[in-house]
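Here is the structure we will look at, set down as structure tokens.
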Amino acid sequence: MSVVDLDLVSKHVDVPDEAKRILSKSEQEAYANLNLKWEGGLIQADAYIALHCAVRGPAKGGIRMAEHVTLEETRRLAELMTYKCALARIPFGGGKSGIRIAPKSLSPEARRALLGEYVHMFAPYLTSGTYVPAPDMGTGPTDMAMIYGFTHIPECVTGKPPRIGGLPGREEATGYGVAVTTKLAVQDLLGKELKDVTVAVQGFGNVGKWTARFLADWGAKVMGLSDVECAVHAEKPITMQDIVPAISPADLGIRRISRDDLLLLPVDVLIPAATGGVIDRAVASKLHAKLVIEAANDPVTGEGDAVLRERGISAIPDILANSGGVIASYIEWRQAKSGSLTERSETYEVIEHQISQAYADVSAAARDRGISHRLAAQIIAVDEVVQSMRDRSWI
Ligand code: NAD
């Protein structure tokens, strides 16, 4: 099922049938069976690349390495990327990749060899610049450095460590963008400043930890944190100094709660920053937050979204809230192509500028048309993509 309901969107903006037909499926998909002879046995993993729509530029999107990732999930995430890049006004298309294996089952050496096999199998996409990967769940800067090492093309991958052509600020870019979005939405929708609100963050990986860290630093009261193994609820706000050294919320020495209860904490702002589908109808009908900021991709199900709307709880969609990563990726890609250098402050400035602009557009459309922020974001993004199709004479 598509992420965006184009029939609904076309009630608000002109989406010609030709554009609907193009956007209703992936432009390209590729599958590889990765096989690795390893220590007397065989390591095997399904791998996928989905390129949803490259009308605006090279297909951009992370590589998800997870035990249960599927082609269908990869396809949905690629579609999200098309609209995320369009909403952020970044000249990239939408892509995504999946490697179906539990990352923790791999030694560093086996991981490197498996990524080598991935590059070998998908070389036509990677070396031509058709698909430009970045980190997603289960992958990080070292993996991107390895992909660069296998291709020797600096611009073929983003999210690399700064010493080998990565961007200062890329690691924290998504979390920074989520924190900027949270600040804007708290002012706009709750009429408050960050220091006046309580927050819970689900997920303590790249996105969740950096988001919590920036928000705590900017004065928000971070009361709950979780990862896949544990969740905690603090009596006093968790400080940035507490968050920085922690590998997991378990290290904070705070009262444990069940993982599911994290989503139901009595906080003003809930930030799902772990995985998809966690706010379903049941969770949406019980949560206490007044505002949901989608740091993860696709964290609210369709039914969950309907309940949030009925209850008057605003959700700032993923294609806006977590676009800091792809905005930074664009700067890294540009840097790799031009050979220029970028300061961390520039990375932050560009993310803040692009997200503030997109937030203002979405907020105005939501208000003027009396619709949700999700639909407003989709309308703007789809319109950008349709205009790009006209620019290229696709339609
Ligand atoms: P990550 O692998 O670094 O971290 C994921 C975190 O979520 C880990 O702490 C893990 O323990 C936790 N987790 C997993 N399942 C959980 C559960 N059921 N309950 C609580 N915690 C759980 O991944 P990431 O890069 O931080 O990505 C997180 C989300 O953000 C994903 O949806 C990803 O697609 C999205 N995203 C990431 C980026 C990026 O730049 N990394 C950019 C845009 C969107």
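The values are calculated or read from the model by the stated rules, or taken from the named source; none is laboratory data. Just so it is clear, the structure is predicted and the values come from calculations on it, not from any experiment. Every residue, glycine among them, receives a Cβ derived from its backbone with ideal geometry; neighbour counts consider all protein chains shown. For the accessible areas, the whole protein counts, side chains as well, though only heavy atoms, and no ligand, DNA or RNA atoms are used. Shrake-Rupley method; radii C 1.70, N 1.55, O 1.52, S 1.80 Å.
State whether one or more residues within the stretch 96-107 are touching a helix residue (DSSP H, G or I) at 6+ places or on another chain (Cβ under 6 Å) and closer than 23 Å to SER388 by Cα. It would help to see each step written out before you state the result.
To start, the set of residues in the stretch 96-107 that are touching a helix residue (DSSP H, G or I) at 6+ places or on another chain (Cβ under 6 Å) comprises 96, 98.
Remaining after also requiring closer than 23 Å to SER388 by Cα: 96.
Yes, that holds for at least one residue.
May I ask you to verify whether VAL15 is β-branched (Val, Ile, Thr) and modelled with pLDDT under 95? Spell out the reasoning first.
On the way: β-branched (Val, Ile, Thr): yes; modelled with pLDDT under 95: no.
Criteria not met by VAL15.
Can you pull out the residues in the stretch 241-264 that are open to solvent by 50 Å² or more (accessible area, probe 1.4 Å) and either over 17 Å from ALA179 (Cβ atoms) or assigned to a helix (DSSP H, G or I) (or both)? Break it down into steps so the answer makes sense when it comes.
Residues of the stretch 241-264 open to solvent by 50 Å² or more (accessible area, probe 1.4 Å): 241-242, 244-245, 247, 251, 253, 255-256, 258-261.
Within the stretch 241-264, GLN241, ASP242, PRO245, ILE247, ASP251, GLY253, ARG255, ARG256, SER258, ARG259, ASP260, ASP261 qualify.
Please give the number of the condition GLY41 fails out of (1) open to solvent by 40 Å² or more (accessible area, probe 1.4 Å); (2) free of Cβ contacts under 8 Å to residues at least 12 places away in the same chain; (3) of a type outside the set (Lys, Arg).
All conditions pass for GLY41, except number (1).
Exactly one of these conditions fails for ASP361: (1) of a type outside the set (Phe, Trp, Tyr); (2) in contact with a helix residue (DSSP H, G or I) (Cβ under 9 Å, 6 or more places away or on another chain); (3) part of a loop (DSSP other than H, G, I, E, B). Give me its number.
Unmet condition: (3).
Could you figure out which of (1) more than 17 Å from the chain's Cα centre (by Cα); (2) crowded, with 20+ Cβ neighbours inside 10 Å; (3) of a type outside the set (Gly, Ala, Ser) isn't true of GLU73?
Result: GLU73 fails condition (1) only.
Restricted to the stretch 290-321, and to residues that are open to solvent by less than 10 Å² (accessible area, probe 1.4 Å) and assigned to a loop (DSSP other than H, G, I, E, B), which residue is farthest from the ligand (Cβ to nearest atom)?
Going through the qualifying residues, I end up with PRO317.
Within the group ALA123, ALA86, ALA145, ALA110, which residue is closer than 22 Å to PRO317 by Cβ and in a helix (DSSP H, G or I)? Working first, answer last.
Details: ALA123 fails: closer than 22 Å to PRO317 by Cβ; ALA145 fails: closer than 22 Å to PRO317 by Cβ; ALA110 fails: closer than 22 Å to PRO317 by Cβ.
Just one listed residue meets the conditions, ALA86.
Does any residue of the stretch 204-220 turn out to be open to solvent by 40 Å² or more (accessible area, probe 1.4 Å), basic (Lys, Arg) and not in a helix (DSSP H, G or I)?
No: zero hits.
Could you list, in sequence order, all residues of the stretch 262-293 that are over 23 Å from PRO237 (Cβ atoms) and of a type outside the set (A, V, I, L, M, F, W, C)? Please lay out each step first, then the result.
Taking the stretch 262-293 and keeping what is over 23 Å from PRO237 (Cβ atoms), we get 275-286.
Within the stretch 262-293, THR275, GLY276, GLY277, ASP280, ARG281, SER285, LYS286 meet the criteria.
When you go through (1) more than 24 Å from the chain's Cα centre (by Cα); (2) more than 30 Å from SER363 (Cα to Cα) one by one for ILE164, which number turns out not to apply?
Status for ILE164: all satisfied but (1).
What are the pairs, 6+ residues apart or on separate chains, where a residue within the stretch 75-96 that is under 16 Å from SER24 (Cα atoms) has its Cβ under 8 Å from a residue that is of a type in the set (Phe, Trp, Tyr) and open to solvent by less than 10 Å² (accessible area, probe 1.4 Å)?
Listed by first residue and then by second, the contacts come to MET81/PHE92; GLY94/TYR83; GLY95/TYR131.
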